[in-house]
1. Could you check how many residues of the stretch 117-139 are at pLDDT 80 or above and outside any helix (DSSP H, G or I)?
2. Restricting to the stretch 57-103, name every residue that is outside any strand (DSSP E or B), within 30 Å of residue 46 (Cα to Cα) and touching a helix residue (DSSP H, G or I) at 6+ places or on another chain (Cβ under 9 Å).
3. Outside any loop (DSSP other than H, G, I, E, B) and out of contact with any helix residue (DSSP H, G or I) (no Cβ under 8 Å at 6 or more places or on another chain): does that describe residue 51?
4. Out of the residues in the stretch 89-118 that are within 15 Å of residue 129 (Cα to Cα) and either within 31 Å of the chain's Cα centre (by Cα) or touching a residue at least 40 places away in the same chain (Cβ under 8 Å) (or both), which is surrounded by the fewest Cβ atoms within 10 Å (Cβ to Cβ)?
């Protein structure tokens, strides 16, 4: 993706491209191509580019522009008070998923296994987990 700056020359090219009356001739297409090649030289002088195609401006953006209120960071990023003291994966998991939710998942799993067990010829294919402890679902 090329970064281009709008100049009077490119504005003329844009007006030609998006005008109401479209005429196609060899002269128009040649002039458009000539305008594009000049613009690439201008954009190369205003930007640094890498081998990956990334471009950086040589000049800084203006600093005296007012920052909009939705772009102002009012809180620092990071964990809140509840998660600051958590040291184990089990405790951090419990912050996201409540134990009642896990218990509901276990109960629904048991109901599903009971409904599907008649479809299997072997009992081991629809075997119930040994305990109703919610930790077996998460593997923690």
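1. Matching residues across the stretch 117-139 total 3.
2. Hits for the stretch 57-103 are 58, 59.
3. Criteria not met by residue 51.
4. Filtering first and then ranking leaves 105.
The values are calculated or read from the model by the stated rules, or taken from the named source; none is laboratory data. The structure displayed is predicted, hence computed values, not measured ones. Cβ atoms come from the backbone with ideal geometry, glycine included; neighbour counts cover every protein chain shown.
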